[in-house]
Each structure stands twice: as C-alpha cells, then as structure tokens.
Amino acid sequence: MSRYALLISPSSNRVYADASVALTRTELAVFDRAVLGGRLTDITETVFGGARYVTFTADGLDDRDLGYLANLSSIYVLFEVAGELLRPVELRPLDRFDDDLLTIPKYPGKTNEQFTKLLLNVTLLASDFAPEMLERRFRVLDPLCGRGTTLNQALMYGYDAAGVDHDRADFEAYATYIQTWCKRKRIKHRAESGPVRRNRQVVARRLQLELAPDKESYRAGRTQRLDVVQVDTLRSAEFFRPASQDLLVADAPYGVQHGSRSAGRGLARSPLALLAEAVPVWAGLLRPGGALGIAWNTNVARREEAAGILADAGLEVLADGPYLDFAHRVDQAIVRDVLVARRP
C-alpha cells in the first residue's frame, strides 16, 4: 500500500478555499466509488509543513487511475509519501486549452470555477459512462448557463458543450467573449451567431461554434461543438433533440434574479418553482444512462423537496455515501449543496 498527499489548488475565493479540503475529500470518494474500484482508504486531512493536504492510501495506482485523479477539481500537485519526503507524481489532466479560458471572465455572481469543475465531475461520475471519462467526447448541456463557466469547463475537457439562458445580456457577453478568446489565442474555429426565426418572428438567438485546439485536429475533423441558445430554459426541447445529451449540469437560482420566465408570472426566483417546471423538460434531453447534477441554495429549498422533483421526473437520485456530503457555505445567505440523479 502506498500513501499519497494531494495539495489543494489555491482559490481566489476565501470562503471556497476554507471548504475546499472537505469538498476534495468528498469528490475523491466519488472518484473512488465510480472509477477506482473502492481501492482508496484513509481519506483524510493532513498538515505537512503548515500546508493542508488531503491524504489517502491506495494499492497499485496505474496510469489510468492517475489519469482520473488528474482531473480532480482542486488538485494542484499529487505526491507519494516516502517516509518524511513527498515525491511528486506526474499528472496529465484532460485540459485541451489554456486555463485562462476559465479564469479571465470576472463578473458579479460568477460561480467559482473550481466548484463548476467539481459539479461537472460528480455528475459525469454518476452516469453509466463514468469509466469513459478519459476518452469519450461527452455532450454536456447547461440549461441555466449564464455567461458560460460550465460550457468552458466542458470545452477544456474536450467535450461538446451546449447552453440555454433567458438573459440576452449574458448571452451576448458570452458570445463576444468566447469568439474573442478564440481569435486572441489563435484557436482554429468557425462561428455562426444570430437570431432564430419561426413564422417570421424572432424566437431566440443562437451561437454555434466549432473549434479544435490545433490546426491539425481541425483539418482532420477532430473538432468540438459549442451551441448556446438565448431562450427560456422551459423551451430547451425546441432546440435540442430528445435523449441527445450525456450530462446536464445546472447551478439553480439561489433566490436571486435568475432562471426562467414562466407564462404569466414573470421571472421565476424560487429554485423549487423553476425545477418543478424545468426538470421534466431537462430529463427528456438526457440519454438513458446519462446524469443530471444541480447545485442550489439549501436555505431556500430543502434537499428532500428538490430530490422529489427529480424522482417525479423519472430520475434515480443518488442519495447515499459521498453524494450527501457536498453542502458548504458560500456566504451568509447561501449554503450550497449538490444533487445528482441518473436517467435509467
């Protein structure tokens, strides 16, 4: 048995940094359960030289095991513990692009990018396709995509990304950002953006972008696709085919202006009101074996109520083990948790 020490990546968000060790322990337990065969033991916090590490023991981690671990949301460096010394272990994450794709955007209400990656990871690991994390080109939909943090993380992994959001300003900001970023980084791409018309009426706005990390991949057709629609999330099924998505990842409204415009009622502020209307639509977009992951504020919606909505839509909620241990404080008004469910 070997002992390993995982150094947590620094976070610019102080509150999230305080929670990151506990969240990493829980995320590591999900990786162990889904793709590492339950071989990790003694997952705990240890202090070396005044720095906090997550340590664990494992028997015979091979290159594929390390490939999974390289994509932990808060991993900075992994060491093998050798007596009083720490021996660095080479990690090769999936990342296909520079990390400034995620870190450049700064705006009020942006979800911490480390948490976004965690939410994507644990959703993927709940799907029937978890063992294919390192080679499958997943299709990821964020039906409340805002300014695209989840979309950018999916692109980083080499996956196809799709998003829906009702807010025109957010849509335009993201469309401008991603196209400018591609040009500045000299990323080979092709983009189409404009209104969607039906019966001579503008019903939505859409950005469709095809890109690849290098010219050789682009010429060979090894491209990724980004598809973002500015429309009410309740109309997602008008723009994406049934059972076409491997993963749905959403950061539900925290009780602030965000989400969906329901007929006759204006903007839906309650996460439960939004989920009750939207989850049946979202569930229909998931392929069998796919998974849906939602983050929400437990101060305005109880876990049991949110889980009931997912179950009523025919999804199997993961309600045991590490999936119950993701709750953490964001600020005085928000305690965020994660809810994950699989489509049978």
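Values computed for the structure shown
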read-out	value
Single residue of region 17-32 satisfying the filter (over 13 Å from V54 (Cα atoms) and surrounded by fewer than 19 Cβ atoms within 10 Å (Cβ to Cβ)) that is modelled with the highest pLDDT	D18
Any chance G60 is loosely packed, with under 14 Cβ neighbours inside 10 Å, in contact with a strand residue (DSSP E or B) (Cβ under 9 Å, 6 or more places away or on another chain) and not assigned by TED's automatic domain parsing to the domain that holds Q332	yes
Residue within region 179-187 that is at pLDDT below 95 and more than 24 Å from L119 (Cα to Cα) present	no
Residues within region 284-310 that are part of a loop (DSSP other than H, G, I, E, B) and among the β-branched types (V, I, T), tallied	2
Strands (runs of 3 or more DSSP E) lying entirely in region 121-201 (those with 2 or more residues that are within 30 Å of L69 (Cβ to Cβ))	139-142, 160-165
S9 vs. criteria of a type in the set (S, T, Y) and at pLDDT below 95	yes
Of residues in region 311-325 being in a loop (DSSP other than H, G, I, E, B), in contact (Cβ under 8 Å) with a residue 24 or more places away in the chain and under 20 Å from the mean Cα position of the chain (by Cα), the one surrounded by the fewest Cβ atoms within 10 Å (Cβ to Cβ)	D325
Whichever residue in region 78-106 is β-branched (V, I, T) and either at pLDDT below 95 or in contact with a His (Cβ under 8 Å, 6 or more places away or on another chain) (or both) and, among such residues, is farthest from G158 (Cα to Cα)	I104
For V256: the one exception among (1) outside any strand (DSSP E or B); (2) at pLDDT 95 or above; (3) among the β-branched types (V, I, T)	(2)
From the options L94, L151, residue that is outside the structural domain of S236 (by TED's automatic domain parsing) and out of contact with any helix residue (DSSP H, G or I) (no Cβ under 6 Å at 6 or more places or on another chain)	L94
Neighbours by Cβ (under 6 Å, 6+ apart or cross-chain): first from region 296-310, under 19 Å from D331 (Cα atoms); second of a type in the set (F, W, Y)	N297/Y254
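Quick grid of which residues meet (1) under 14 Å from the mean Cα position of the chain (by Cα); (2) outside the structural domain of L286 (by TED's automatic domain parsing); (3) not aromatic (F, W, Y):
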position: L124; (1), (2), (3): yes, no, yes
position: L134; (1), (2), (3): no, no, yes
position: Y159; (1), (2), (3): yes, no, no
position: A169; (1), (2), (3): no, no, yes
position: W181; (1), (2), (3): no, no, no
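The values are calculated or read from the model by the stated rules, or taken from the named source; none is laboratory data. In this text the structure is predicted, and so the values were computed from the model without any measurement. We place every Cβ from the backbone using ideal geometry, glycine too, and count neighbours over all the protein chains shown.
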